[in-house]
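**Q** Structure provided below as structure tokens; questions to follow.
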Amino acid sequence: MDTHKKYFAHETAVIDEGCEIGAGTKIWHFTHIMTGCKIGENCNFGQNVVVSPAVVLGKNVKVQNNVSIYTGVICEDDVFLGPSMVFTNVINPRSAVNRKAEYAKTRVGKGASIGANATIVCGNDIGDFAFIGAGAVVTKQVPAYALVVGNPAKHIGWMSEYGQRLKFNENGLAVCPESNESYQLSNGQVTKLKQ
């Protein structure tokens, strides 16, 4: 570890110049962080991760092995990116056509989790604390606290901030079985109630 840096990078990691990397971040084997990336504190990158130019990641983002995060992606604090999940950044890629000027932005909200082998088609934001199931293919916006699975991803329920399935009663109220925090479902949107 370079004692002048406040983050750890394995000797096989490649970090291009012009990156901002927060204190406490760990970058493991064969990971490439490209120029212009902004990475928050206490992030963790597994092996064989690619972070393309100008990607922005908040604090405490966990990136598992074999993940590609392409230009246009913004992940807020506490996001979990599961093994081999992938983002796209062009809706209609062609090898012979340069579409770098058409990169679409994708925002992943605070606390969201994206399961192993999921694909997020560019331009489809993921709401705060949403939960994307393993192998899902996200082709539209995902609301906060939503649970989506399948190809194409379908909304099948709601999740708490602790990653527990919420069961709403006839009044649209649910309690997380792990945290005992309460949630309200109204007009197709979930909000956490103040304790």
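The values are calculated or read from the model by the stated rules, or taken from the named source; none is laboratory data. The structure presented is a predicted model; accordingly, all values stated were derived computationally and were not measured. Cβ: placed from backbone, ideal geometry, glycine included. Neighbour counts: every protein chain shown.
**Q** Could you list, in sequence order, all residues of segment 6-31 that are assigned to a loop (DSSP other than H, G, I, E, B) and more than 15 Å from Val55 (Cα to Cα)?
**A** Matches in segment 6-31: Lys6, Tyr7, His10, Glu11, Thr12, Ala13, Ala23, Gly24, Thr25, Trp28, His29, Phe30.
**Q** For segment 145-158, which positions are in contact with a Ser or Thr (Cβ under 8 Å, 6 or more places away or on another chain) and surrounded by 14 or more Cβ atoms within 10 Å (Cβ to Cβ)?
**A** Across segment 145-158, the qualifying residues are Tyr145, Ala153.
**Q** Can you tell me which condition Pro83 does not meet? The list is (1) modelled with pLDDT of 95 or more; (2) in contact with a strand residue (DSSP E or B) (Cβ under 9 Å, 6 or more places away or on another chain), and all the others hold.
**A** Evaluating Pro83 over (1) modelled with pLDDT of 95 or more; (2) in contact with a strand residue (DSSP E or B) (Cβ under 9 Å, 6 or more places away or on another chain) leaves (2) as the failure.
**Q** Continuing with this model, one more query. What strands (runs of 3 or more DSSP E) completely inside segment 81-195 contain at least 2 residues that are in contact with an Asp or Glu (Cβ under 9 Å, 6 or more places away or on another chain) and either without any contact (Cβ under 8 Å) to a residue 12 or more places away in the chain or of a type outside the set (S, T, N, Q) (or both)?
**A** Answer list for segment 81-195: 106-108.
**Q** Turning to a different aspect of this structure: Working only within segment 182-195, note down all residues that are more than 23 Å from the chain's Cα centre (by Cα) and among the charged types (D, E, K, R).
**A** Lys194
**Q** Select, from Arg94, Arg107, the only residue that is more than 25 Å from Gly40 (Cα to Cα) and in the same structural domain as Gln64 (by TED's automatic domain parsing).
**A** After applying the criteria, what remains is Arg94.
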